[in-house]
Amino acid sequence: MTIALGHMSVNAGIIMTPLLDVPISLQRHADVVSSLLLAQLSAQFKFPLASQYAERESAYQSVLADLSWTTLHQPYSEQQGAQSLDVVNVLMTESARLFEFRIGVAFSNLVSNLQLSAPTDLARMVWREHVVRRIQPVQDPTPDCTGVDESVVCIKLALIDSDLLLHTLMLRFVTHTVLAEDFLSQSILTAPDSSIGVHGYTYSLNERMYSQLRETIDEKLMLKRTSLVMPWGSSSSPSVSVG
């Protein structure tokens with residue numbers, strides 16, 4: 001079978017794309033964009049500190065629920081302790097494990113496209129600003145030593161599916177590694193006292209309920225959408241064939 005993806009776009013800290021093998025209306029696409037953006041901004045406003053990633057994620061999920069998104073599927077995996085992390089490999093491996101075959105292949109395709117594509121400078125800047133959050137350096141008690149740099153990284157990918165379905169994949173880790181501009185291809189050592197968490201979610205939208213909120217949501221996001229939602233790059237995403 002062939003899994004075809006549309007153009008990738010940045011939605012603050014989420015890379016999203018529609019599945020092209022299913023019909024998705026422009027209104028449906030716009031509702032997903034607005035929902036994900038409002039959930040992110042609301043959660044960030046309530047919990048702005050990098051160390052508050054658990055509280056921020058919980059608030060994000062609560063906002064989606066308030067916007068009439070129902071969680072149908074939420075598998076999760078976690079690995080403790082310091083280890084060398086290959087972001088692309090983890091996302092591809094875990095997407096195949098956490099989702100049914102068709103969606104796992106689509107996420108793998110999205111990750112591959114993300115690794116190989118060239119984003120615009122603005123898209124990379126907006127995405128990275130929301131994905132990488134630097135924790136205030138911990139001061140080393142040794143004389144003449146500088147603080148230890150630590151960052152929380154939360155990568156989210158989203159696939160817009162048919163039948164009012166939305167699939168998201170999230171990878172979260174903490175690291176002392178200084179991240180490169182394009183850290184997706186970088187070997188990263190996670191912090192020893194932290195964990196690597198991977199979450200998969202499938203949501204369904206109650207379109208009738210959301211339609212009653214749409215006008216208010218669109219008014220709230222009018223200016224934010226212009227600065228935080230944009231194409232990832234200028235090239236299209238290829239299809240991947242699966243025998």
Most positive-pole-ward Cα, C154, L49, L36, against dipole of the chain from beta carbon charges: L36
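Can you give me the span-like helices of the chain, meaning DSSP H runs with 18 Å or more of Cα extent along the axis and Kyte-Doolittle mean at or above 0.5?
Numbers: long enough: 26-46 (30 Å, 0.36); 53-66 (20 Å, -0.66); 101-116 (23 Å, 0.92); 214-228 (19 Å, -0.78).
Span-like helices here: 101-116.
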Loop-located GluC sites (Glu not before Pro) in segment 28-101 whose Cβ has at most 12 other Cβ within 10 Å (DSSP): E100
The chain: relative contact order in percent, alpha carbon pairs under 8 Å with at least 6 residues between: 34 percent
Cross-link partners of K220 among aspartates and glutamates (Cα-Cα below 17 Å; sequence separation of 8 or more within a chain): D31, D66
Potential lengthening between T70 and T216 on full extension [0.36 nm per residue; Cα-Cα distance subtracted]: 50.6 nm
Hits among aspartates and glutamates - C-alpha to C-alpha of K156 under 14 Å, sequence gap 8 or more where chains match: E57, E94, E129
Neighbour-count ranking [beta-carbon atoms within 10 angstrom, fewest first] of M230, M16, M92: M230, M92, M16
Exposure proxy order (Cβ contacts within 10 Å, fewest to most) of V33, V88: V88, V33
Segment 1-140 - Rg over Rh from alpha carbon coordinates, Kirkwood radius: 0.96
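Taking the Cα centre of the chain as the origin, how large is its charge dipole in debye, to the nearest 20, when only Lys and Arg (+1) and Asp and Glu (-1) carry charge on their Cβ atoms?
My answer is approximately 440 debye.
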Gaussian network model of the chain, springs between alpha carbon atoms under 10 Å - residue of S35, S227, S68 with greatest fluctuation: S227
Dipole of the chain [Lys/Arg +1, Asp/Glu -1 at C-beta], most positive-end residue of S68, G200, V87: S68
Stokes-Einstein D for segment 2-234, Kirkwood Rh over Cα pairs, 37 °C, 0.692 mPa s (µm²/s): 179 µm²/s
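Every read-out reported here was derived from the displayed coordinates using simple, explicitly stated rules and does not represent laboratory data. Computed from a predicted structure; not experimentally measured. Using ideal geometry, Cβ is built from the backbone for each residue, glycine included, and neighbour counts are taken over all protein chains shown.
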